[in-house]
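Novice: Can you read through this structure? Questions will come right after.
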Amino acid sequence: MLTILFDGVAYGMLLFILAVGLAVTMGLMNFINLAHGAFAMAGGYITVLLMQRLDVPFLVCLPIAFVGAALLGAVLERTLYRPMYRKPHLDQVLFSIGLTFMAVAATDYFVGSTQQMLQLPPFLSGRTEIGTGSWTLGMGHYRLFIIAVCAALAVALQFVLARTRFGSRLRASVDDQRVAAGLGINVNVVFLATFAFGSGLAGLGGALGAEVLGLDPTFPLKFMIYFLIVVAVGGTSSITGPLLAALLLGIADVAGKYYIPKLGAFIVYTLMIVILIWRPQGLFVRSRGKP
């Protein structure tokens, strides 16, 4: 039981890093980017190709994956995404889905359709067990590494958005772009940095998740629904909501597949429907008029 809980927490933390960039762009920038998974796939392939072809160490590949996905996001934000900010949400959805299918086709053409294998360093490949019997806690070293990295990123991201000048400028830019510009805030630069950082987090999540989730050209399509569930259930008004939603989703998914494997992801979708019927704005969104 404890091992299932541990694996569920690790899976949830990984989903959080993969989905938090989408939560930021939807909640703070009011832009629906369903191509978010393509940036995660880019980070995963950067890591795999660097390790396979250039023998770059795994820990070195992680920041490179973040920077590579962030640069890709910055370029696309300036060239393709920015004109879509003022478009209706339906246009944004169709546009970003089109980009997703283009990314899938391009990856399949240039890299191939086979699933990529990632060789972890020896110190991340082991497993430690604590306790005996039904209360045995089996901790995979790599999953423990994922929990530590993602927890540190969650704390850092919450601090940046809530306590720094950049976070204040971002919130001001979202609330009223004209007033923010009148106060000397370069709204375009703020949005560019936010989109690039969210894309970089997706790339880092793709690099971390390549070994756990698998990596092939259909990655953005397979996990798009999971990103949307995290954002829908957790809400987009804070970082805490998507974090708790991702943990809930991860634990429910792992436990459901372990105890009732024939139902597959049915439990996750049922849980999502029940929560959204109960709280359409998200489980962790504060109601208006309450402190």
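The values are calculated or read from the model by the stated rules, or taken from the named source; none is laboratory data. The model shown is predicted, which means the values in this text are computed figures rather than measured ones. Here the Cβ positions follow ideal geometry from the backbone for every residue, glycine too, while neighbour counts run over all protein chains shown.
Novice: Would you please name the residue that is nearest to Ala232 (Cα to Cα), looking only at residues in region 260-282 that are of a type in the set (A, V, I, L, M, F, W, C) and part of a loop (DSSP other than H, G, I, E, B)?
Specialist: Ala265
Novice: Give all pairs with beta carbons closer than 7 Å in which a residue from region 204-228 that is under 20 Å from Asp108 (Cα atoms) and at pLDDT 90 or above meets a residue that is part of a helix (DSSP H, G or I) and of a type in the set (D, E, K, R); count only pairs at least 6 apart in sequence or on separate chains.
Specialist: So the pair list comes out as Pro217/Asp108.
Novice: Right, another one. Any chance you could count how many residues in region 170-187 are surrounded by 21 or more Cβ atoms within 10 Å (Cβ to Cβ) and polar (S, T, N, Q)?
Specialist: Residues in region 170-187 being surrounded by 21 or more Cβ atoms within 10 Å (Cβ to Cβ) and polar (S, T, N, Q): 1 in total.
Novice: Look through Leu62, Leu76, Leu71, Leu99 and report the one residue that is assigned to a helix (DSSP H, G or I), of a type outside the set (Lys, Arg), modelled with pLDDT of 90 or more and surrounded by fewer than 16 Cβ atoms within 10 Å (Cβ to Cβ).
Specialist: Leu71
Novice: May I pose another question? If Ile4 satisfies all but one of (1) closer than 24 Å to Ala162 by Cα; (2) part of a helix (DSSP H, G or I); (3) modelled with pLDDT under 90, what's the number of the condition it fails?
Specialist: (1)
Novice: What are the pairs with Cβ atoms under 6 angstrom where one residue, in region 168-185, is without any contact (Cβ under 8 Å) to a residue 12 or more places away in the chain and the other, located anywhere, is of a type outside the set (S, T, N, Q) and surrounded by 14 or more Cβ atoms within 10 Å (Cβ to Cβ)? Sequence gap at least six, or different chains.
Specialist: Correct list of pairs: Gln177/Val187; Ala180/Ala172; Ala180/Val187; Ala181/Val187.
Novice: Considering only residues of region 188-213 that are out of contact with any Gly (no Cβ under 6 Å at 6 or more places or on another chain) and farther than 17 Å from Cys61 by Cβ, which is surrounded by the fewest Cβ atoms within 10 Å (Cβ to Cβ)?
Specialist: Val189
Novice: Still on this structure: What helices (runs of 4 or more DSSP H), lying completely within region 134-227, carry at least 3 residues that are of a type outside the set (Asp, Glu), within 20 Å of Val20 (Cα to Cα) and within 14 Å of the chain's Cα centre (by Cα)?
Specialist: Filter on region 134-227 gives 141-163, 187-213.
Novice: Do we have any residue at all in region 173-192 that's modelled with pLDDT of 80 or more and acidic (Asp, Glu)?
Specialist: No, because not a single residue in region 173-192 is modelled with pLDDT of 80 or more and acidic (Asp, Glu).
Novice: Here is a follow-up. Any residue that is touching a strand residue (DSSP E or B) at 6+ places or on another chain (Cβ under 8 Å), of a type in the set (S, T, N, Q) and either over 14 Å from Leu28 (Cα atoms) or free of Cβ contacts under 8 Å to residues at least 40 places away in the same chain (or both) - is there at least one of those in region 130-145?
Specialist: Checked against the condition, which is being touching a strand residue (DSSP E or B) at 6+ places or on another chain (Cβ under 8 Å), of a type in the set (S, T, N, Q) and either over 14 Å from Leu28 (Cα atoms) or free of Cβ contacts under 8 Å to residues at least 40 places away in the same chain (or both), region 130-145 yields at least one hit.
Novice: Separate question: Here's a check for you: in region 254-272, which residue that is closer than 23 Å to Pro242 by Cβ and small (Gly, Ala, Ser) is nearest to the chain's Cα centre (by Cα)?
Specialist: Ala265
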